[in-house]
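*Asks:* The structure that follows is given in the form of structure tokens.
The values are calculated or read from the model by the stated rules, or taken from the named source; none is laboratory data. Quick caveat: nothing in here was measured; it's all calculated off a predicted structure. Positions of Cβ are backbone-derived with ideal geometry, glycine not excepted, and every protein chain shown enters the neighbour counts. Just the protein is used for accessible areas: all its heavy atoms, side chains included, with ligands, DNA and RNA removed. Shrake-Rupley method; radii C 1.70, N 1.55, O 1.52, S 1.80 Å.
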Amino acid sequence: MTPAYNKVHNRFKFNGLHFSHEELKEVAYSLIKEGEPFEKVTGNFLIDWLNNKDFLYVTTSGSTGFPKEIKLMKQAMVNSAIATGNFLGLKPGDKALHCLPSHFIAGKMMFVRALVLGLEIDFVEPSAHPVFDYEKTYDFCAMIPLQVKHTINHIYNMKTIIVGGSKVTKPLLEQIKHTNPKFYETYGMTETVTHVAVRSLESKSGDKETYFNALEHIKFEKDERNCLVIHAPNLVDETLVTNDIVELKSETSFKLLGRFDNVVNSGGVKLFPEQIEEKLQPIIDERFILAGEDDAELGEKLILIVENPRDSIESITNRIKQQKGLTKFEVPKAIYTIDHFVETVNGKIQRKKSIKAVLEA
């Protein structure tokens, strides 16, 4: 029998204590009235979750456009929690660390997973460098890449960590190789109630996977643009068409190539900025993005934008020219700098706004 959203698992614990459905309402009111700002947000989410409505509203991150409010069915969130639990083998009584903000779907879903699956969840302040009991063994945790970067020396007692929200960079992948936990990079969005696919990252406990693999009851196809189409009937009624260009291995497996709206058509050659960025990561320390700029001869030319670089443009140019694995089309035709990228509230680079700020300066 599928768990319902209005039930609290009898093995659920919040910071060491079990609460019933009604008791958790009192906790939520207490967080709103007396808690720190991040706890107030959590209290408000719990009130929304524990009311008698079968839906709630969630705000998207705004990384690919303006943030928007969307309606999610609570049972779909329960179904997502079950799919994650089944994939990762989570059991009632397992211990989980929650260090994500409750503003967005990823943070909300950590609580839903605990309530539905019967996890014992420790909730700490969501920050770039979360502070938690480093000596305690945790079966499960979700982090953004920046959090993994800052806690890489303190995660030795964690068993499984899912990473999402932004790209996992090559330098961080190299660090993860030497750690104990089993790592999974996630693919998903607010509309799909967090992740619908995961891929294993190389660590002491896991091997590298090139392709993302679907969670249960989820299927994929491509449209005429080679963009991913998601069929997730347990999560969302309609088919979701994305702007993510993929190489489809099967109806349950794909490789992410880049965003359709980021593709640069330079002299008839289609360039995927995300793939070229991956090749440049080892030689540029700062945050950077690649984009297209109008060009009379090529239609578009490939440009590089670096955030507050320590090196000169000439030095960066020389390193790029010496970098192996780049085709002549993948070498940026111009390099620009920006003091600070335009970001979403949770720290993702807003590419379009950042590019516009540079080219119109």
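*Asks:* Given V148, H178, N6, which one lies farthest toward the positive end of the charge dipole of the chain, if we put +1 on the Cβ of every Lys and Arg and -1 on the Cβ of every Asp and Glu?
*Replies:* Selected residue: H178.
*Asks:* Moving on. What ³J(HN,Hα) values, in whole Hz, does the Karplus curve 6.51 cos²θ - 1.76 cosθ + 1.60 give for the range 282-290 when θ = phi - 60°, with x put for Gly and Pro?
*Replies:* x, 10, 10, 6, 7, 5, 7, 9, 10
*Asks:* Count charges around D122 for me, please; just the other residues with Cβ under 14 Å from its Cβ, Lys/Arg as +1, Asp/Glu as -1.
*Replies:* Result for the local shell: -3.
*Asks:* Hey, got the dipole for the chain? About the Cα centre, +1 on K and R Cβ, -1 on D and E Cβ, debye to the nearest 20?
*Replies:* Computed charge dipole of the chain: roughly 560 debye.
*Asks:* Same structure again: Along the range 90-97, what does the Karplus equation 6.51 cos²θ - 1.76 cosθ + 1.60 (θ = phi - 60°) give for ³J(HN,Hα), rounded to whole Hz, x for Gly and Pro?
*Replies:* So the J values, rounded to whole Hz, are 6, 10, x, x, 4, 9, 10, 9.
*Asks:* How many lysine pairs are close in the range 273-361, with Cα atoms under 21 Å apart and the two 8 or more places apart or on different chains?
*Replies:* Lysine pairs satisfying the spacing and distance rule in the range 273-361 number 19.
*Asks:* Which translational diffusion coefficient, to the nearest whole µm²/s, is obtained for the chain from the Stokes-Einstein equation, given a Kirkwood hydrodynamic radius over C-alpha pairs, 4 °C and 1.567 mPa s?
*Replies:* Values: Rh = 21.8 Å.
In µm²/s, the coefficient rounds to 59.
*Asks:* Work out Dmax and Rg for the range 201-273 from the C-alpha atoms and quote the Rg first, both in angstrom.
*Replies:* Using the Cα atoms of the range 201-273, the pair Rg, Dmax is 14.4, 45 Å.
*Asks:* Compute a Gaussian network model of the chain, connecting alpha carbons closer than 10 Å, and tell me which residue from V229, V269, V342 fluctuates the most.
*Replies:* Taking springs between Cα atoms under 10 Å, the residue moving most is V269.
*Asks:* From the phi of every residue in the range 98-111, what ³J(HN,Hα) in whole Hz does the Karplus formula 6.51 cos²θ - 1.76 cosθ + 1.60 yield, where θ is phi - 60° and glycine or proline is x?
*Replies:* 10, 10, 9, x, 7, 5, 10, 4, 4, x, 4, 5, 4, 5
*Asks:* Related question: List the residues of the range 274-310 whose backbone N lies under 13 Å from a point placed 7 Å from the Cα of Q322 along the Cα-to-Cβ direction.
*Replies:* Hits in the range 274-310 for Q322 at 13 Å: 283-284.
*Asks:* What residue among L280, L46, L240 shows peak mean-square fluctuation when the chain is described by a Gaussian network model with Cα springs under 10 Å?
*Replies:* The residue with the greatest mean-square fluctuation here is L240.
*Asks:* Net charge around R259, counting only other residues with Cβ within less than 9 Å of its Cβ (Lys, Arg = +1; Asp, Glu = -1)?
*Replies:* Local charge sum for R259: -2.
*Asks:* Averaged over all directions, how much area does the convex hull of the C-alpha atoms of the range 1-137 cover when projected, in nm²?
*Replies:* Averaging across all directions leaves 8.9 nm² for the Cα convex hull.
*Asks:* Suppose R0 equals 35 Å; then what is the FRET efficiency for Q275 and N157 from their Cβ-Cβ distance, rounded to the nearest 0.05?
*Replies:* 0.50
*Asks:* Between E34 and E125, with labels modelled 7 Å along Cα→Cβ, what's the label distance in nm to one decimal, could you check?
*Replies:* 1.9
*Asks:* To continue, here is another question. Skip the ligands, DNA and RNA, and give the accessible area per residue of the chain with a 1.4 Å probe, whole Å². Spell out each step's value before the answer.
*Replies:* Values: 17750 Å² over 361 residues.
Accessible surface, normalised per residue, equals 49 Å².
*Asks:* Using 7 Å Cα-to-Cβ label points, what is the N308/N51 separation (nm, one decimal)?
*Replies:* 4.1
*Asks:* Next question, about the same structure. Springs between alpha-carbon pairs under 10 angstrom, Gaussian network model over the chain: which of E330, E120, E297 fluctuates most?
*Replies:* Comparing E330, E120, E297 in a Gaussian network model of the chain, the most mobile one is E297.
*Asks:* Could you compute the FRET efficiency for K170 and T2, with r as their C-beta to C-beta distance and R0 at 51 Å, rounded to 0.05?
*Replies:* The computed FRET efficiency comes out at 0.80.
*Asks:* Size of the dipole of the range 211-325 about the Cα centre, Lys and Arg at +1 and Asp and Glu at -1 on the beta carbon, nothing else charged, in debye to 20?
*Replies:* 520
*Asks:* Could you check the simple spin-label distance between V345 and N86, using points 7 Å along Cα→Cβ, in nm with one decimal?
*Replies:* 3.4
*Asks:* Lys and Arg at +1, Asp and Glu at -1: add these up for the other residues within a Cβ distance under 10 Å of E307 and post the number.
*Replies:* Result for the local shell: -1.
*Asks:* Length gain on complete extension for the stretch R225 to D294, per 0.36 nm per residue less the alpha carbon to alpha carbon distance?
*Replies:* 22.6 nm
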